[in-house]
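This report refers to the structure that appears directly beneath it.
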Amino acid sequence: MIHVTHDGPVACIALHRPEARNALPIAGWEALAEVTAQVAQARAVVLHSTSPGVFSAGADIAELATLQTDPALRRRFREAMRGAIEAIAALPMPLIAAVDGGCFGAGVALALAADLRIAGDDAVFAVTPARLGIGYPAQDVARLVRQVGRGRAAAMLFSAARADADTAARYGLAELRATSALDAARELAGTIAGNAPGAVRLLKRTLAGGAGLDRQFDEAFGGAEFAEGLAAFQQKRRAVFP
């Protein structure tokens, strides 16, 4: 259901449940949270699908149906989904979501937890809870608002309308467009992985905000990565970061 592979310093987390269009049941969300530990040493991560024509259909509708009559399961579902999405968001290295094919419902929330989103030619996005008669978690609504603005977020949520790849790029839902999102994501991840890993992680923390960033900025000048980067610049060669 969730596969992890490594190509040198780049790790890939793949959604693989083609029989359900990569819709994740509770066990799938729990597995996704667990596999984040397997990419802890990577310098960049790509989140993608191995199922043709779809990134993720979101939560498993067959399992959602059981929530009608099982109130206790509702909390487990919410916590499992939240745990996976926040585990993806909390990864210390850059994570790129390669969206090829359909990305619906909770699949959009998962893509929003990435640092960057690339939309392939056949990418389609839709936030669909209004069609099902349910809400959307507050954390995911907040991410959608930050990504596309309140008005467009409202339009997407209220209408549940589909946005193709070009529309998603115009909205800012996807930062990059490519013929193949996966190919572009792997190339970008390789570029990121060639930079100083400590500096890249510091930059990700700085983007997120928080305490201690001024101190960490100052300390970087005394580190081995800056020494190598400066020497490479002075010697007109490519820096090599261990």
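The values are calculated or read from the model by the stated rules, or taken from the named source; none is laboratory data. If you're wondering where the values come from, they're calculated on a predicted model, not measured in any experiment. When we count neighbours, we look across all protein chains shown, and the Cβ atoms used for this are built from the backbone with ideal geometry, even at glycine. When the accessible area is computed, the model is the full protein with side chains, heavy atoms only, and any ligands, DNA or RNA have been set aside. Shrake-Rupley method; radii C 1.70, N 1.55, O 1.52, S 1.80 Å.
When DSSP assigns beta bridges and you keep just the ones with both residues in the chain, what percent turn out antiparallel, to the nearest 5?
Around 30 percent of the beta bridges assigned by DSSP in the chain are antiparallel ones.
Evaluate the chain: find the radius of gyration of its Cα atoms, find its Kirkwood radius, and give the ratio Rg to Rh.
That ratio equals 1.01.
Relative contact order, percent, of the chain when contacts are C-alpha pairs under 8 Å separated by at least 6 residues?
17 percent
Would you look at the GNM of the chain, springs on alpha carbons closer than 10 Å, and say which of Arg82, Arg117, Arg170 moves the most?
Answer for the Gaussian network model of the chain: Arg170.
Between Asp70 and Leu230, what is the spin-label point distance in nm, taking each point 7 Å from the Cα along the Cα→C-beta axis?
6.0 nm
Quick one: how many Å² of Phe221 are accessible to a 1.4 Å probe, rounded to 10?
110 Å²
Quickly rank 209-216, 162-169 as a protection proxy: mean count of other C-beta atoms within 10 Å, highest first.
Result, highest mean first: 162-169, 209-216.
Give me the net charge for the shell around Ala20: Cβ to Cβ below 13 angstrom, other residues only, Lys and Arg +1, Asp and Glu -1.
-1
In whole Å, what is the distance between the alpha-carbon centres of the stretch 140-172 and the stretch 47-62?
19 Å
Classify the stretch 103-144 as rounded, prolate or oblate, taking a ≥ b ≥ c as the square roots of the eigenvalues of its Cα gyration tensor: rounded when a/c is under 1.5, otherwise prolate if a/b is larger than b/c and oblate if not.
Note, shape of the stretch 103-144 comes out oblate.
Rounded to the nearest 0.05, what FRET efficiency do His3 and Ala211 have when you use their Cβ-Cβ distance and R0 = 25 Å?
0.10
Could you give me the ³J(HN,Hα) list for the stretch 197-207, computed from phi with Karplus coefficients 6.51, -1.76, 1.60 and θ = phi - 60°, whole Hz, x at Gly and Pro?
x, x, 5, 5, 5, 5, 5, 5, 4, 5, 4
Of the listed peptides 28-38, 101-111, 44-54, 138-148, what is their order by residue-averaged count of other C-beta atoms within 10 Å, with the highest listed first?
Taking the mean over residues of other Cβ atoms within 10 Å, the ranking is 101-111, 44-54, 28-38, 138-148.
Residue-wise, which Karplus ³J(HN,Hα) couplings in Hz belong to the stretch 176-181, taking 6.51 cos²θ - 1.76 cosθ + 1.60, θ = phi - 60°, and x for glycine or proline?
Listing the rounded values in order: 9, 10, 7, 4, 10, 5 Hz.
Which angle between 0 and 90 degrees, to the nearest 10, do you get for helix 71-89 versus the longest principal axis of the chain when only C-alpha atoms count?
Around 20 degrees separate the two axes.
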